[in-house]
Every structure is written in C-alpha cells, then in structure tokens.
Amino acid sequence: MSVRVRMAPSPTGFLHIGGVRTFLFNWLFARGRGGECLLRIENTDTSREVSESVAQIERSLHWLGIEWDGETTFQLEVMDRAKEEARRLVAEGSAYEDDGAIRIRMPDDGSTGWDDAIKGRIEVPNAELEDLVLVRSDGRPTYNFASPLEDWLDGITHVIRGDDHVSNTPKQVNVLRALGAEPPVYAHVPSVFGADGKKLSKRHGAVSVDEFRAAGYVSEALMNFLALLGWAPDGETTIMSADELIERFSLERVGSSPATFDYAKLDWMNGVYLRALAPEEYADRLVAYLREQGLDWPEDHVRAAAPLVQEKIGRLGEFAGFAGFLFHDVEPDPALLDARILAAAAQALEGLEPWSATAIEAALKQLCDDLGEKPRTVYLPIRVAVTGSRVSPGLYESLELLGKDEALARIRRATAVAS
C-alpha cells in the first residue's frame with residue numbers, strides 16, 4: 001500500500017514553527033517512500049482572514065522547500081458529505097439526534113486502542129469517552145468528525161501530528177469504525193519547548209517562518225534544524241541536505257520526549273550553510289534578502305562587501321549592523337575616539353594612491369611605527385570613526401569599499417568630535 005499523508009493546519013494566522021516541524025515530518029516520511037503529501041486547510045468558513053492565512057501558510061511552506069501534491073483542499077468542501085454520512089449513521093443506529101445535533105454512540109465497555117508509531121500501544125477506557133457530537137444543531141460538522149472523515153475520503157494511510165491530538169484519537173478511531181473505514185496509522189510527534197521547558201511561544205523569540213525568514217535564516221538551514229527537533233538519524237550526523245533527510249527519515253527514530261528549540265544551535269547551523277555557499281550565490285542571496293527587507297542599497301556595493309562578511313555573520317539579517325556603515329552615515333562614540341591618532345591617520349592616508357586594501361594596510365602599519373603604538377591602539381579609533389562600531393569587516397577592506405573621499409571625511413569629522 002502506498003503512503004499518503006496530509007498536513008492539516010487551521011487558518012488562524014501565522015504558521016507556528018512547531019507545526020511546520022510536524023509538516024516536515026509528514027513530507028519527509030512520504031517522499032522517502034514514494035508517497036503523496038496533501039495540504040488540507042481545516043476551515044469552517046471562507047472569510048478574508050482565512051484567505052490571507054492560507055496564502056501565508058502556502059508561502060511559508062514553499063519557501064522552506066516543503067511541497068505538496070495536488071491542489072490545496074479545504075475541509076469546508078466536504079461539509080455536505082459529512083452531513084450525509086451523519087444521517088447514514090443515524091439510520092444505521094450508530095448515531096442519534098439530540099436537540100437538533102447528531103451524536104455518535106461511543107462504546108460503553110472495554111477500551112479503544114491503537115499502536116502509535118511513535119508512542120507505542122495506547123489504550124483508552126471507553127468509559128472515559130462521551131457520545132461525540134458529529135454535526136452541530138446549526139448543521140456544521142465538528143472537527144472530530146470532519147477530520148477523520150476526510151482522512152478516509154482522501155485515503156490517508158498515516159496521520160502524523162502533534163501529541164496534543166492524542167486525546168482526539170480514540171474518538172476519531174470510533175468515528176472511522178462506525179463509518180466502516182479502517183483507521184490509518186497514527187504517529188504523535190513530541191511537542192517543541194523553549195529552553196525553559198515550556199511550550200515554544202513568542203516569549204522565546206521568533207516562532208513563525210516569516211519571522212525566521214526576515215531574520216536572515218536560509219531555508220536549507222531551517223529545514224535541517226527542524227528535522228532534528230525530536231528526530232535523529234544516528235545521534236551524530238547534524239548537517240544534512242533535503243535529499244539526505246528524505247533518505248534517512250523514519251518514524252522509528254522519532255523520540256517521544258519534548259524537543260527543545262535551541263536558537264543558538266540554529267544560528268550556528270545557519271552560519272555553516274552560509275559559509276558553504278559559493279561566493280556568487282552568497283552575494284545573490286544577500287542582495288535578494290536586502291531587497292526583501294526593503295533596503296535598496298546599491299547592488300554593486302552589496303556584492304563588493306559580500307566576501308568580507310560571508311565568514312563573519314551567521315544570519316543575513318546581521319549584514320546591516322555589520323556592514324551598514326557602507327551605505328549610511330555613522331555616529332561614532334566619542335569615548336572611543338582619539339584626536340591625535342585620527343589626525344595622524346588622515347594625514348597618512350590623504351596622499352595614498354592607489355586606494356586599495358593592500359596600500360591602506362601598508363600605510364596604517366607604517367602609521368603604527370611612526371606613532372610608536374600597537375595596531376590595536378591605532379586601529380580602534382579609526383574603525384569606530386569610519387564604521388561607527390568596534391566590530392566590522394576587515395579595516396583595510398572597509399576603508400577601500402567606503403572610498404577615499406568618504407573615509408577621509410569621516411575620519412576628519414571624528415577628529416573634530418574628539419578634539
């Protein structure tokens with residue numbers, strides 16, 4: 001039997017990264033077995049907010065590299081079929097009407113169980129299960145009826161979802177059995193927590209794909225990182241391409257304990273991916289990212305600066321703070337300036353030709369000798385004067401990219417401030 005899974009988000013705003021991790025597990029599982037992965041929106045209305053949320057969900061998944069098979073479907077599309085099936089269950093005696101609603105009869109004795117592909121065997125006493133409302137009095141099917149019904153109609157073989165759905169599973173198993181359908185394999189993946197052991201939320205930092213994208217993470221790194229939240233191929237391998245993840249992913253290696261979202265590890269991993277890019281592709285990504293963020297800095301300047309930052313920053317979002325001095329004025333901290341050194345630096349550099357990193361390096365080293373000072377003493381006020389920061393790309397290269405006129409102008413302005 002071929003594998004068929006579904007991703008079924010509710011259109012209630014941004015796509016939470018924990019849900020994306022679960023989507024990724026579905027996608028990796030299906031793709032690794034030549035199966036299909038469907039995208040179903042579990043909606044009960046068609047408002048403008050729903051449309052905007054669906055667009056955000058699709059955009060997020062596309063950017064991350066998670067594709068689905070066929071068109072996006074909507075739970076609303078099976079509403080009529082749900083009401084029809086509910087009436088059939090009433091006719092068969094499996095369900096009954098109650099104040100205008102339709103309820104299914106849950107078994108009274110024994111237990112409802114299933115072999116969870118991650119958590120193992122789970123048994124729930126039937127005495128704990130109340131007769132479930134299938135269709136409300138206003139004609140709208142409930143989630144616990146529409147969802148398993150659609151799984152049946154779509155031929156879903158495996159339902160891979162968050163472990164907050166464990167309590168829904170015995171209800172849905174009984175719904176499917178009443179419909180005459182064989183329940184799929186259920187696999188409940190662990191929750192994603194922050195470092196404080198609480199469920200991941202905005203208080204921990206970014207939690208939506210859009211936020212991670214805006215911060216300058218690359219999709220390959222984020223996918224790799226998310227795949228390792230609760231799953232590990234061998235306990236050692238960390239950096240894996242999408243193809244490797246697809247080849248190696250299995251539900252057997254998914255743990256049942258909550259996974260911890262480690263932002264520092266994600267930063268490290270993103271840096272590994274950025275440094276591995278070919279220089280030209282790195283520059284392409286940097287230019288595209290800055291445009292996405294609304295920064296229309298000259299492309300040739302950005303491309304010229306790209307090689308200087310590729311080894312230095314872990315996220316594309318750090319570029320503005322690290323090399324933004326190339327594109328706008330700076331306000332150096334007067335406490336870090338030294339008028340004597342800056343005046344001497346301006347004099348040493350004003351006649352320099354050509355204005356190249358190599359020539360600048362030689363001139364500044366000679367300046368250190370002339371002043372009888374160590375490079376760190378001389379370079380700090382110059383760096384702060386031209387970049388506005390203690391931390392920047394290489395000083396020689398920064399001065400070259402800034403251009404002779406602008407570099408000297410900043411050094412002279414800083415000299416005046418320090419005097």
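Residues whose amide H comes within less than 5 Å of that of Asp116, counting only those at least five positions distant or on another chain, are Arg121, Ile122 (H built at 1.01 Å from N in the peptide plane). Here, the stretch 246-357 has an Rg and a Dmax of 20.7, 69 Å when only alpha carbons are counted.
Of the listed values (i) 40, 26, 20; (ii) 61, 20, 18; (iii) 34, 26, 24, grab the one calculated as semi-axes √(5λ) of the Cα gyration tensor in Å from the structure here. Entry (ii).
Within 12 Å, Cβ to Cβ, of Val391, how many net charges do the neighbouring residues add up to if Lys/Arg are +1 and Asp/Glu are -1? Net local charge, Val391 excluded: +2. Taking Ala30, Ala178, Ala363 in turn, the Gaussian network model of the chain (Cα-Cα springs below 10 Å) assigns the largest fluctuation to Ala363. Hey, if you put +1 on the Cβ of every Lys and Arg and -1 on every Asp and Glu Cβ in the stretch 30-149, which of Leu64, Val54, Leu39 ends up farthest toward the positive end of that dipole? So the residue furthest toward the plus end is Leu64. Assuming charge only on the beta carbon of Lys and Arg (+1) and of Asp and Glu (-1), the dipole of the chain about its Cα centre is about 780 debye to the nearest 20. Computed with every protein chain present, the accessible area of Arg177 is close to 130 Å² [probe 1.4 Å]. Dividing the helix sum by the residues of the chain, where each DSSP H run of 4 or more adds -39500 (n - 2.57), gives a mean residue ellipticity at 222 nm of -14500 deg cm²/dmol.
Under a point-charge model restricted to the Cβ atoms of Lys and Arg (+1) and Asp and Glu (-1), what is the dipole moment magnitude of the stretch 154-276 relative to its Cα centre, in debye to the nearest 20?
The dipole of the stretch 154-276 has a size of about 480 debye.
Relative contact order of the chain, taken over Cα pairs closer than 8 Å and 6 or more residues apart, is 13 percent. Pick from Asp262, Asp138, Asp154: which is most flexible by mean-square fluctuation in a GNM of the chain where alpha carbon atoms under 10 Å apart are linked? The residue that fluctuates most here is Asp138. The residues neighbouring Pro307, those whose beta-carbon lies less than 14 Å from its own, together hold a net charge of -3 under the Lys/Arg +1, Asp/Glu -1 convention.
Taking each residue as 0.36 nm, the span from Ser201 to Arg136 lengthens on full extension beyond its C-alpha to C-alpha distance by 20.2 nm. Dipole of the stretch 214-315 computed with +1 at Lys/Arg Cβ and -1 at Asp/Glu Cβ about the Cα centre; of Ala259, Gln310, Trp297, farthest Cα towards the positive end is Ala259. Extension gain for Ala339-Asp69 works out to 90.6 nm (0.36 nm per residue, less the C-alpha to C-alpha distance). If you plug the beta carbon distance of Asp99 and Glu182 into 1/(1 + (r/R0)^6) with R0 = 25 Å, you get a FRET efficiency near 0.20. Computed from the C-beta positions of Arg285 and Asp405, the FRET efficiency with R₀ = 35 Å rounds to 0.70. GNM on the chain, alpha-carbon springs under 10 angstrom: the most fluctuating residue among Arg213, Arg161, Arg105 is Arg105.
For the chain, the longest principal axis of the Cα atoms and the long axis of helix 404-418 meet at an angle of about 80 degrees. Distance from the C-alpha centroid of the stretch 125-188 to that of the stretch 239-312: 39 Å, rounded to the whole angstrom.
The values are calculated or read from the model by the stated rules, or taken from the named source; none is laboratory data. As the structure is a computational prediction, the values presented were derived from the model and not from experiment. Heads up, the Cβs are rebuilt from the backbone with ideal geometry, glycines too, and the neighbour counts pull from every protein chain shown. Accessible surface is based on the protein model in full, side chains and every heavy atom, while ligands, DNA and RNA are left aside. Shrake-Rupley method; radii C 1.70, N 1.55, O 1.52, S 1.80 Å.
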